[in-house]
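Please treat every number below as a calculation from the coordinates, not as lab data. Predicted, not measured: the structure shown is a model, and the values here were computed from it. Here the Cβ positions follow ideal geometry from the backbone for every residue, glycine too, while neighbour counts run over all protein chains shown.
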């Protein structure tokens, strides 16, 4: 990362390990004004603290680094305005282990930088082409107790299986289902229900005999 104020802009940084990513950023910005927030889960109170810090005026660039394994939906929504129109001399850098953590509205406001040399998409034990109900429910049963971060990685793995491994062209309905799945997991939705609704979009359309 270059240090000149003209080259460093607000962005999302995807890393293998959030804490290591934060440490590397601090090393790349020696002598700069850096305020960092490292959390397991980035909550609304953390977002409020970061926003308040952003509105403390600065004569030179101040970097606000928000790092977490997950950012809940409420905290992300509260950040939207300040990310779209940051105060003068404020640069936001959001660090997370997966792009799927962030809402589409956040991803549309900030460029994303991938720094995951060791990161590999989660392998999922399911074939989406020609998926049937039995296979779908076996997969859901085997994965319904995943924690939030692992659940997000699971959804990312299903996406990778569809687009990369099976080279499927997603329909608008399937694309929308993935976006809803990411959002509902951020809201602590029931994973079993989220997986069923997502995977049902891959079931063959029923054929009606006239």
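Helix 18-28 axis versus longest C-alpha principal axis of the chain: approximately 30°, rounded to the nearest ten.
Annotation: average projected area of the chain is 13.4 square nanometres, based on the convex hull of Cα atoms across all directions.
The simple spin-label model puts a point 7 Å past each Cα toward its Cβ; for residue 123 and residue 180 those points are separated by 3.1 nm.
Quick check: the angle from helix 133-143's long axis to the longest principal axis of the chain, C-alpha only, nearest 10 degrees? That helix lies at roughly 40 degrees to the long axis. Calculate how steeply helix 73-84 sits against the longest principal axis of the alpha-carbon atoms of the chain, using the helix alpha-carbon long axis, and give the answer as 0 to 90 degrees to the nearest 10. Approximately 50 degrees, to the nearest 10. Approximating the spin labels as points 7 Å out from Cα along Cα→Cβ, the residue 187-to-residue 205 distance works out to 2.8 nm.
Tell me whether the range 1-109 comes out rounded, prolate or oblate; compute the Cα gyration tensor, take square roots of the eigenvalues as a ≥ b ≥ c, and use a/c under 1.5 as the rounded threshold. Oblate, since a/c reaches 1.5 and b/c is not below a/b. For the range 133-202, the Kirkwood radius over C-alpha pairs fed into Stokes-Einstein at 10 °C and 1.306 mPa s yields D = 131 µm² per second. Here is how the number arises for the chain: DSSP H runs of 4 or more residues each give -39500 (n - 2.57), the sum is divided by the residue count, and the result at 222 nm is -12500 deg cm²/dmol.
Once the Cβ-Cβ distance between residue 44 and residue 171 is put in as r, and R0 is 25 Å, what FRET efficiency do you end up with, to the nearest 0.05? Working from the Cβ atoms, E equals 0.10.
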